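Chemist: Encoded as structure tokens, here's the structure I'll be asking about.
The values are calculated or read from the model by the stated rules, or taken from the named source; none is laboratory data. Only a predicted model underlies this, so the values are computations on that prediction, with no experimental measurement involved. When we count neighbours, we look across all protein chains shown, and the Cβ atoms used for this are built from the backbone with ideal geometry, even at glycine.
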Amino acid sequence: MSKNEAVYGIHSVSAILEHAPERAVELFVQKDRDDPAVQAIIKAARSAGLRPQFSQRKTLDERAGEGNHQGVYLIVTPGRTWQENDLPELVEKAGQQALFLVLDQVTDPHNLGACLRTADAAGATAVVVPKDKAAGLTSVARKVASGAAEVVPLVIATNLARAIRILKDEGVWVTGTAGEATSSLYENKFIGPTALVMGAEGTGMRRLTRELCDDLVSIPLAGTVSSLNVSVAAGVCLFEVARQRRQLKG
């Protein structure tokens, strides 16, 4: 049985108490924090049947390590584990609006958290990552995700290539991003269920991941930098898909 997890930070703790209060086990609150955001968390916790424990900041600092807990630290039971065999269900539920972000070899939890936050903002269906050689949903990733980790499914694929094949079999068009691609992101037409595949900054996608993509696009860069941080690139691409979809609806 999986052990309990820690969630900290105003947005992350609030998201758990709003969307999955049944997972909350213990809430620790910094003694001298009485601002509205913390008071709202205390109220939500009590509504969920929790009795907040008030602690010194030093105690919370020690619990959170290098993370910025913002005065709240929540112990939770593990959430649902999404795997590649859940992808057909996610595609069916989202229908023609299905939008997946697939991350290949992204190992920094800060980047994973930022990608989850961006995916949530863009209305993505789920984020897909490989089980090995990739960042997991750590407390740091949750904190950076600012609550998005509690609402956007993170699919942990034991085999990323198989996960991509499942998406393709379900009618999802898979577009990879590569700096050397001759087609621009803005020339591409994103119609129907879509998956965007991003590789790690510097190394990019693995060869097999790249070969499984239906097409490749690049993000035109006007300045002196040769590449974008993966979370920034993900934001650019996801919101381009969202923009095109809004235009089609309008």
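Chemist: Among the listed residues 114, 145, which satisfies the condition of being crowded, with 21+ Cβ neighbours inside 10 Å, under 25 Å from residue 18 (Cβ atoms), at pLDDT below 90 and of a type outside the set (Val, Ile, Thr)?
Modeler: Details: 114 fails: at pLDDT below 90.
After ruling out the rest, the residue left standing is 145.
Chemist: Among the residues that make up region 45-61, is at least one of them farther than 24 Å from residue 154 by Cβ, hydrophobic (A, V, I, L, M, F, W, C) and without any contact (Cβ under 8 Å) to a residue 24 or more places away in the chain?
Modeler: Taking region 45-61 as the starting set, the residues that turn out to be farther than 24 Å from residue 154 by Cβ are 45-47, 49-61.
With the extra rule that they be hydrophobic (A, V, I, L, M, F, W, C), the set shrinks to 45, 50, 54, 60.
After this cut, where a residue has to be without any contact (Cβ under 8 Å) to a residue 24 or more places away in the chain as well, the list is none.
There is no residue in region 45-61 that is farther than 24 Å from residue 154 by Cβ, hydrophobic (A, V, I, L, M, F, W, C) and without any contact (Cβ under 8 Å) to a residue 24 or more places away in the chain.
Chemist: Another one. Given the criterion more than 30 Å from residue 14 (Cα to Cα), surrounded by 17 or more Cβ atoms within 10 Å (Cβ to Cβ) and modelled with pLDDT of 95 or more, identify the matching residue among 219, 166.
Modeler: Every option except 166 fails the conditions.
Chemist: For region 41-82, what are the residues that are assigned to a helix (DSSP H, G or I), more than 19 Å from residue 23 (Cβ to Cβ) and either under 28 Å from the mean Cα position of the chain (by Cα) or of a type in the set (Phe, Trp, Tyr) (or both)?
Modeler: 60, 61, 62
Chemist: Something else now. Being at positive phi and not in a helix (DSSP H, G or I), is that true of even one residue in region 149-156?
Modeler: Checking region 149-156: not a single residue is at positive phi and not in a helix (DSSP H, G or I).
Chemist: May I pose another question? When you look at residue 133, is it surrounded by fewer than 21 Cβ atoms within 10 Å (Cβ to Cβ) and at pLDDT below 95, yes or no? Let's see the steps before the verdict.
Modeler: Working: surrounded by fewer than 21 Cβ atoms within 10 Å (Cβ to Cβ): yes; at pLDDT below 95: yes.
Taking the combined requirement at face value, the residue satisfies it.
Chemist: From 91, 76, 38, 72, grab the single residue that is crowded, with 16+ Cβ neighbours inside 10 Å, under 21 Å from residue 127 (Cα atoms) and either among the β-branched types (Val, Ile, Thr) or not assigned by TED's automatic domain parsing to the domain that holds residue 128 (or both). If you could, list the steps in order and put the result at the bottom.
Modeler: On the way: 76 fails: under 21 Å from residue 127 (Cα atoms); 38 fails: under 21 Å from residue 127 (Cα atoms); 72 fails: under 21 Å from residue 127 (Cα atoms).
Answer to the check: 91.
Chemist: Just to be sure, is residue 7 modelled with pLDDT under 90, β-branched (Val, Ile, Thr), out of contact with any Gly (no Cβ under 8 Å at 6 or more places or on another chain) and closer than 23 Å to residue 148 by Cα?
Modeler: yes
Chemist: State yes or no: is residue 228 surrounded by 17 or more Cβ atoms within 10 Å (Cβ to Cβ), assigned by TED's automatic domain parsing to the domain that holds residue 130, over 14 Å from residue 101 (Cβ atoms) and touching a Gly at 6+ places or on another chain (Cβ under 8 Å)? Spell out the reasoning first.
Modeler: Numbers: surrounded by 17 or more Cβ atoms within 10 Å (Cβ to Cβ): yes; assigned by TED's automatic domain parsing to the domain that holds residue 130: yes; over 14 Å from residue 101 (Cβ atoms): yes; touching a Gly at 6+ places or on another chain (Cβ under 8 Å): no.
No.
Chemist: Return the only residue of 11, 19 being within 23 Å of the chain's Cα centre (by Cα) and either more than 19 Å from residue 109 (Cα to Cα) or assigned by TED's automatic domain parsing to the domain that holds residue 109 (or both). Talk me through it step by step, then tell me what you get.
Modeler: Working: 11 fails: either more than 19 Å from residue 109 (Cα to Cα) or assigned by TED's automatic domain parsing to the domain that holds residue 109 (or both).
Answer to the selection: 19.
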